[in-house]
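So the structure is just underneath, and the comments pick up after that.
The values are calculated or read from the model by the stated rules, or taken from the named source; none is laboratory data. No experiment lies behind these values; they were computed from the predicted model shown. When we count neighbours, we look across all protein chains shown, and the Cβ atoms used for this are built from the backbone with ideal geometry, even at glycine. Ligands, DNA and RNA are stripped out before the accessible areas are found, and what is left, the full protein with its side chains, is counted by its heavy atoms. Shrake-Rupley method; radii C 1.70, N 1.55, O 1.52, S 1.80 Å.
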Amino acid sequence: MQNEPVKNTRKKIPRNKIAEQNPSERVQNFGEVELGYSEEQAVLESMRCLMCKNPKCIEGCPVEIDIKGFIAYIKDRKFKEALEKIRDKNTMPGICGRVCPQENQCEKACILGIKDDPVAIGKLERFVADYENTCKKNTALHTDKKEYKSKAAFGYDLDNHDISTAEIKTGKIKTAVIGAGPAGLTCAGELAKMGYSVTLFEALHSAGGVLVYGIPEFRLPKSIVSGEVEYVKSLGVEIKLNCIIGKTFTIDELLENGYESIFIGTGAGLPYFLGIPGENLNGVYSANEYLTRVNLMKGYLFPQWDTPVKRAGIVSVIGGGNVALDSARTALRLGARKVYLIYRRTEVEMPGRIEEIKHAREEGVDMVFLTNPVEIKGENGWIKKLVCIRMELGEPDDSGRRRPIPVPNSEYEIDTEIAVIAIGQGPNPVLTQTSPDIALNKWGNIIADSSGKTSKKGVFAGGDIVTGAATVILAMGAGKNAAKAMDQYLKTRAW
Amino acid sequence: MQAENRIIDKSILGSDTVSFTVYCPVIAKKAKAGQFVVIRARNEGERIPLTIADRDPAKGIINITILKIGKTSRLLSSFEPGDIIPDIAGPLGKPSEIENFGTVVIIGGGVGIAPTLPIIKTMKEAGNYVISVIGARNCNGLIFKEAIKTHSDEFYTCTDDGSEGFKGFVSDFLIEYIKQHPDKKIDRVVAIGPVLMMKAVCDVTRPYGLKTIVSLNPIMVDGTGMCGSCRVEVGGKTMFGCVDGPEFDGHLVDFKLLSSRLDIYREEEKTAYNKYMENHKCKMSQ
Ligand SMILES: Cc1cc2nc3c(=O)[nH]c(=O)nc-3n(C[C@H](O)[C@H](O)[C@H](O)COP(=O)(O)OP(=O)(O)OC[C@H]3O[C@@H](n4cnc5c(N)ncnc54)[C@H](O)[C@@H]3O)c2cc1C
Ligand SMILES: Cc1cc2nc3c(=O)[nH]c(=O)nc-3n(C[C@H](O)[C@H](O)[C@H](O)COP(=O)(O)OP(=O)(O)OC[C@H]3O[C@@H](n4cnc5c(N)ncnc54)[C@H](O)[C@@H]3O)c2cc1C
Ligand code: SF4
Ligand code: SF4
Ligand code: FES
């Protein structure tokens, strides 16, 4: 590590492992699993990059971050410049570096990855975001509060922006953003930077969407999310919590009240259940409820915090995506001695991030593949057993994945004290029910074009409410695109 | 200007019930009979649903009436006029179905009396002949008596101990009433109160084919259809109490499941309650 690697051995540097809490320790706490690269590691990792003439990695990133460019800055130890480079395209690198499914995106396309492990793009992205944060924390101790604030939350220098606070004047055009998840926060931030007055309406008592109620602290510390929320506020966005659009106000009421354009980013917040007997027994949770109780309501700190969550010895989680993995690992941290993750396909088809599958396995989650529950049996109102059937893989279905088919007469029982159903989420109809003129597809998702335009004049939508449950970066991209289109609309009024 | 969520007035109704008038102009304007709010009483607090027992859109105020049972309801009951409730979200749930049905019997039991008030008012406004029946353990529990009486065509009280009105449960009263008024055609019954009371009323009305609406109180978190904590079974189908209800056709409700699900956190609630009372006592003795 002491010697500068010479050019022709560059490829030989193995991918730098990120420091992690060790599995037996981390299942006892809710602290972050990955501890991040050190400066030296980041620089060393950046040296692995081939500085390709035609950097494929950029095409692999949904928001086309200049990956090669920011990595070059890291190499030169210009971390602030690296962050600025990322921020040209992505305002939440601290979040994306942690939760993007890099193996399907930037790192999948990385040319180094053809013969070797790809450059750890996500880890580098997270490193620069965290680096800035640490510096800020240190300087904040020495500067007065006002100055610290004007520097904004995440490295942005407000003074370098097209709209400086001095220019913000009254009489601005009013816009509304609904839902403070990654889509809504991004859209609101962009609109504010363009000089619009923005009100962000959020149903819950806290902003962040899935980033606060779904993804657990051990994967995405909530302080990082609140940093992003503070940054959006510092741009002048007014956040109104506890406002359920469709109940507290309707879309039409917002339009009547002078909001000239509206972005809907309400996410995929409707839990799906299996529809099998026994699903309403005590101890059967939707992943949304389980994770919300633990993350948003801090159930793991009960009774210091008031919201309880059931702790049990044996927990079964049904599903194979990030939501299921998060639930399973949460159950371990709540003290379960046995956690099953029951998935009807095989590991190859699991939609969860590879890294989280690995983490879950290290922590001792017992993955039961090719298995599907068909009934939940109970006693005195409480769940006791899952009746499962074995599956085999048949022909590929619409999603291209091989369809699981039940093996006749292969039912067997698994003892369990808690079951968490994590088989997906749909669009919550609370808003759309009161706005019949916004067209929906057959699953209830809002129909919007690539700019976010819906069937209702002045109303845009993006993120999970349009695409169905997807990813953080896609939601952010949609929010950003929509902000551009809203600006266009507000200037031309053309629909 | 008044601060939002500020408590304007507090009244203590009997030994375990507290009623607050809260400045909530948006909700006051929007709320309809049968709807509720979700409240958090402190930063570390849980989200609990409470019915909007009354409202005055002109003044921007709503009334919430709370039965002290566990930690959160007790904590909230200790708030005083001038205090601000940290989070109030709403109005949530579907409004009551209000039409001119003809003759309606509206029954409230215990703290369930409070949410009957807006329903009684609007049913009356819609042209119904309103028969109101309220019941409690003893006369101290007969809350909102005057207001309900004013808006009703007939008004009856019941107490378990006979300290006022009919001695016995509201469901027993209903049997008597139906028997004694065979000529009276009842078009609809609305019953709100403890699970056992609602079930008992449904058992009385079922043989007569009297449509009976009940307001269910499953455990909730968000109150917006996001978590499924509030699952209830109605007519064999799973519904979310917060968005599909809280009012349902009582003859189709699986009350056994509802009771069972209300017990999920019994142990945890006890822990929280004991801890709260301990701290409370310490503070008082200081
Ligand atoms: C447990 C879990 C783990 C995940 N892990 C990953 C991961 O590792 N990587 C990844 O890329 N993606 C992951 N995802 C998916 C990702 O979080 C989502 O795709 C993303 O959050 C969608 O963003 P959004 O802004 O569209 O919606 P959300 O994040 O769902 O935000 C919507 C917001 O709108 C609010 N809202 C809803 N209805 C209303 C209304 N009527 N009025 C006002 N406000 C309303 C909600 O309260 C919420 O705050 C995960 C999802 C879950 C649930
Ligand atoms: C739509 C709706 C409207 C309601 N309106 C009122 C009202 O106007 N006034 C009032 O006093 N109460 C009302 N409730 C009940 C109220 O929400 C609970 O009494 C409260 O949550 C109890 O909190 P706690 O911490 O004091 O008691 P806990 O210690 O949490 O619980 C004590 C008991 O209350 C029940 N309970 C617990 N949590 C809930 C919950 N979230 N929802 C329902 N029941 C629960 C359980 O059976 C439990 O055994 C309503 C409930 C619903 C669903
Ligand atoms: S935003 Fe996501 S996909 Fe894009 S470079 Fe960063 S980690 Fe990769
Ligand atoms: S494709 Fe990989 S190696 Fe090439 S520039 Fe991008 S990160 Fe570097
Ligand atoms: S309370 Fe969460 S869905 Fe009803």
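Could you list, in sequence order, all residues of region A:94-108 that are buried (at least 19 other Cβ atoms within 10 Å of the Cβ) and not in a loop (DSSP other than H, G, I, E, B)?
Within region A:94-108, A:GLY94, A:ILE95, A:CYS96, A:GLY97, A:ARG98, A:VAL99, A:GLN102, A:CYS106, A:GLU107 meet the criteria.
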Top-ranked residue of region A:70-93 - restricted to ones that are open to solvent by 10 Å² or more (accessible area, probe 1.4 Å) and either within 13 Å of A:VAL119 (Cβ to Cβ) or not assigned by TED's automatic domain parsing to the domain that holds A:GLU107 (or both), ranked as nearest to ligand 3 (Cβ to nearest atom): A:ALA72
Considering only region A:249-267, I want to know if a residue exists there that is over 19 Å from the mean Cα position of the chain (by Cα), within 13 Å of chain B (Cβ to nearest Cβ) and surrounded by 19 or more Cβ atoms within 10 Å (Cβ to Cβ). yes
Give the residues of region A:34-55 that are part of a helix (DSSP H, G or I) and either aliphatic (A, V, I, L, M) or surrounded by fewer than 17 Cβ atoms within 10 Å (Cβ to Cβ) (or both), sorted by residue number. A:GLU39, A:GLU40, A:ALA42, A:VAL43, A:LEU44, A:MET47
Among the residues of region B:233-276, count how many are within 14 Å of ligand 2 (Cβ to nearest atom), of a type in the set (A, V, I, L, M, F, W, C) and closer than 24 Å to A:LYS247 by Cβ. 7
Failed criterion for B:MET198 (all others in (1) open to solvent by 10 Å² or more (accessible area, probe 1.4 Å); (2) over 27 Å from B:ILE61 (Cα atoms) hold): (1)
Residue pairs, Cβ under 6 Å, 6 or more apart or interchain, first in region A:325-345 and open to solvent by less than 20 Å² (accessible area, probe 1.4 Å), second hydroxyl-bearing (Ser, Thr, Tyr). List them. A:SER327/A:TYR290; A:ILE342/A:SER316; A:ILE342/A:THR371
With respect to A:PHE273, is the statement that it is facing another protein chain (nearest Cβ under 9 Å), closer than 30 Å to A:ASN104 by Cα and not in a helix (DSSP H, G or I) true? yes
If A:LEU440 passes every condition in (1) within 21 Å of the chain's Cα centre (by Cα); (2) crowded, with 16+ Cβ neighbours inside 10 Å but one, which one does it miss? (1)
Picking from B:GLY14, B:GLY34, B:GLY45, the residue that is farther than 21 Å from B:MET123 by Cα, within 14 Å of another protein chain (Cβ to nearest Cβ) and touching a residue at least 40 places away in the same chain (Cβ under 8 Å) would be B:GLY45
For region A:381-407, give me the residue count where each residue is in contact with a Ser or Thr (Cβ under 8 Å, 6 or more places away or on another chain) and open to solvent by 70 Å² or more (accessible area, probe 1.4 Å). 2
Restricting to strands (runs of 3 or more DSSP E) lying wholly in region B:42-91: which have 1 or more residues that are at pLDDT 95 or above, open to solvent by 30 Å² or more (accessible area, probe 1.4 Å) and within 16 Å of ligand 5 (Cβ to nearest atom)? B:47-51
Kindly state which strands (runs of 3 or more DSSP E) lie completely within region A:366-415 and contain at least 2 residues that are over 30 Å from B:ARG261 (Cβ atoms) and in contact with a strand residue (DSSP E or B) (Cβ under 6 Å, 6 or more places away or on another chain). A:382-396, A:402-406
